[in-house]
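The values are calculated or read from the model by the stated rules, or taken from the named source; none is laboratory data. The structure presented is a predicted model; accordingly, all values stated were derived computationally and were not measured. Calculation scope for accessible area: heavy atoms of the full protein, side chains included, ligands and nucleic acids excluded. Shrake-Rupley method; radii C 1.70, N 1.55, O 1.52, S 1.80 Å.
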Amino acid sequence: MSAQILDGKAIALALRESIRQTVEQKVAEGQRPPGLAVIMVGEDPASAVYVRNKKLACEKAGFLDVSEVLAEDTTQEALLSRIDELNARDDVHGIIVQLPVPDHIDPETIIERIAPHKDVDGFHPYNMGRLATRMPVLAPCTPHGVMTMLEKTGLPLRGLNAVIVGASNIVGVPMALELLNARATVTVCHSATKDLEQKVRDAELVVVGVGRPNMIPGHWIKSGAIVIDVGINRLDDGSLCGDVEFETAKANASWITPVPGGVGPMTIATLLQNTLKAAYGD
Ligand code: NDP
């Protein structure tokens, strides 16, 4: 068997085009465009690339872009005040603070200050809680983008044995909640998990988000399994690779996401989708 490629780039482009059309129509009807504020503190080069991509996507979709870069030495108090101002603005529907923030700023305090209905990253405990209680409003973008991709396979998730490798607040944990809500049977693995190999070998769906190049050997993948690789790793030669050995996994899987061009583009498209929802409702 050789897996079909789950083409995140193409799925994301189609989603972004449908968002652009909705915005065009709403604006023609006299409504405001969705407004997204992306705040970056300091000049972390990797974050700068993400922020630039978000800004471009925002502009192409017809959103109001309120991105700003604050100085590295911005105090936590000043950042909180800026969030308060954005919370109060009628033309700003989504607010995100690009992580990581400098060490003198506590990310949890920042996330909790964003009004939950403007928390388009979906990281606020309110939005995580809504997802955990099966009443999602604004769900974290990367796992929700994965759900959109899984829908495209047409395969039922109900009852599927799903194994998630990685248990962070932005990837593994909300991914587990999404899959549980879709009635999959979910196992979440992390750095203290025993016998990871056997768990992956038993999985009909594997989602990996750890950040270690090629840590899941392709021969661990069960025949016919779906493989979602969230990992993005830059190698010494400058190229990108995922957390799963792609070629060997592809030989066993039924569907697989490439890196790059898989989950990554879906994260930004889902951020726009969340902002559209924050602006106009469902
Ligand atoms: P974190 O470092 O926050 O979390 C990594 C997780 O992997 C932790 O839960 C950790 O376990 C677990 N882990 C570490 N080592 C092992 C191991 N040997 N076996 C099993 N689990 C292990 O990373 P993120 O969640 O932020 O990101 C993970 C990857 O996903 C990165 O490559 C990142 O670049 C990528 N990413 C991609 C996105 C996209 O849009 N495609 C978006 C976000 C992230 P423990 O909890 O025990 O520490």
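Values for this structure:
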read-out	value
Residue 165 long-range amide H proximity, modeled H, under 5 Å	189, 207, 208, 209
Ranked order, 275, 248 - accessible area, probe 1.4 Å, largest first	248, 275
Surface per residue (accessible, 1.4 Å probe) for the chain, Å²	47 Å²
Rg/Rh (Cα only; Kirkwood hydrodynamic radius) as it applies to region 226-282	1.14
Kirkwood hydrodynamic radius (C-alpha pairs) into Stokes-Einstein, region 143-188, 20 °C and 1.002 mPa s, D in µm²/s	204 µm²/s
Per-q log10 I(q)/I(0), the chain, q = 0.09, 0.10 Å⁻¹ (Debye; single scatterer per alpha-carbon; no solvent)	-0.43, -0.53
Heavy-atom accessible surface of the chain: percent carbon and sulfur, 1.4 Å	53 percent
Potential lengthening between residue 223 and residue 195 on full extension [0.36 nm per residue; Cα-Cα distance subtracted]	8.2 nm
Order of exposure, largest accessible area first, which applies to 236, 202 with probe 1.4 Å	236, 202
Residue-by-residue Karplus 3J(HN,Hα) for region 105-122, coefficients 6.51, -1.76, 1.60, Hz, glycine and proline x	10, 8, x, 5, 4, 5, 4, 5, 7, 5, 4, x, 6, 10, 7, 6, 6, x
Diffusion constant of region 132-282 at 4 °C, which comes from Stokes-Einstein with the Kirkwood Cα-pair radius and 1.567 mPa s, µm²/s	83 µm²/s
Whole-number Å³ per residue for the convex hull built on Cα positions in region 74-129	71 Å³
Shape call, region 51-101: gyration tensor on alpha carbons, a/c limit 1.5	oblate
Solvent-accessible ranking of 152, 26, largest area first, probe 1.4 Å	152, 26
Non-local Lys pairs in the chain, i.e. 8 or more apart or on different chains, that have alpha carbons under 23 Å apart	25
Region 222-282-region 25-86 distance, computed between alpha-carbon centres (Å)	24 Å
